[in-house]
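The values are calculated or read from the model by the stated rules, or taken from the named source; none is laboratory data. Not measured: the values here are computed from a predicted model. Neighbour counts run over all protein chains shown; Cβ positions are idealised from the backbone, glycine included. Surface accessibility is based on the protein's heavy atoms, side chains included, excluding ligands, DNA and RNA. Shrake-Rupley method; radii C 1.70, N 1.55, O 1.52, S 1.80 Å.
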Amino acid sequence: MIKISFCIVNLNAKEVLKECLISINNSMSGEEYEIIITDNNSADGSQKMINSLDRNIHIIQNKNNEGYTSAINKSILKSKGKYIVVLNPDTILKDKSIVILIESLKKNKYIGIVGPKVINEDGTFQKSCRRGLAEPKAVFSYFLGLSSKFSKNKNFTGYHLNHLDENVPNEVF
């Protein structure tokens with residue numbers, strides 16, 4: 001039985017997609033998995049690159065760019081894994097990260113969905129992946145620079161929730 005299904009939508013992302021696929025293998029440490037890529041009619045040679053890899057990758061080839069939601073739903077519907085991992089093609093997984101994640105999920109049956117800590121290439125936290133509600137006060141504080149000036153004050157940091165930064169661990173799991 002397939003344990004993990006990686007679902008990816010691709011549109012002209014051949015170069016970063018290749019690195020993503022390599023990182024999937026490194027994140028697994030021998031677990032059985034499948035990769036399902038829905039390609040939104042790429043014109044950059046993505047499909048040829050995918051076919052050249054020595055992996056069991058299922059490709060769903062759209063005749064048009066159907067957008068992200070339709071494409072990811074196709075990948076998920078084709079998946080057979082107990083766990084589904086949705087990735088963007090520019091994602092680079094850390095070594096053994098998915099194995100560690102699955103072990104954590106097994107220990108806590110109340111977890112049904114998880115989101116990653118997204119980091120930049122230099123290892124810093126990517127604040128754009130964490131947002132509060134786009135209430136007028138939060139938006140104005142962000143665009144007027146008040147959230148930077150008062151970065152620990154939750155009255156001004158509602159847009160990116162900067163006041164939570166001290167609670168974001170630097171390690172993976």
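Across the stretch 28-62, the qualifying residues are those that are open to solvent by 10 Å² or more (accessible area, probe 1.4 Å) and hydrophobic (A, V, I, L, M, F, W, C), and the one among them that is nearest to Tyr83 (Cα to Cα) is Ile57.
Criterion first (over 21 Å from Leu17 (Cβ atoms) and of a type in the set (A, V, I, L, M, F, W, C)) does Val99 satisfy it? So Val99 passes the test.
Listed here are the residues, each with its yes/no results for (1) open to solvent by less than 60 Å² (accessible area, probe 1.4 Å); (2) touching a residue at least 24 places away in the same chain (Cβ under 8 Å); (3) under 25 Å from Ser5 (Cα atoms).
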position	(1), (2), (3)
Val99	yes, yes, yes
Glu103	no, no, yes
Lys106	no, no, yes
Gly112	no, no, yes
Asn120	yes, no, yes
Leu133	no, yes, no
Lys137	no, no, no
Ser141	yes, no, no
Ser148	no, no, no
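Among the residues making up the stretch 1-22, those that are β-branched (Val, Ile, Thr) and surrounded by fewer than 20 Cβ atoms within 10 Å (Cβ to Cβ) are Ile2, Val16, Ile22.
The set of residues in the stretch 71-88 being open to solvent by 50 Å² or more (accessible area, probe 1.4 Å) and in a helix (DSSP H, G or I) consists of Asn73, Lys74, Ile76, Leu77, Lys78.
On the basis of being open to solvent by 70 Å² or more (accessible area, probe 1.4 Å), without any contact (Cβ under 8 Å) to a residue 60 or more places away in the chain and assigned to a helix (DSSP H, G or I), does Asn25 make the cut? Judged against the criteria, Asn25 is a match.
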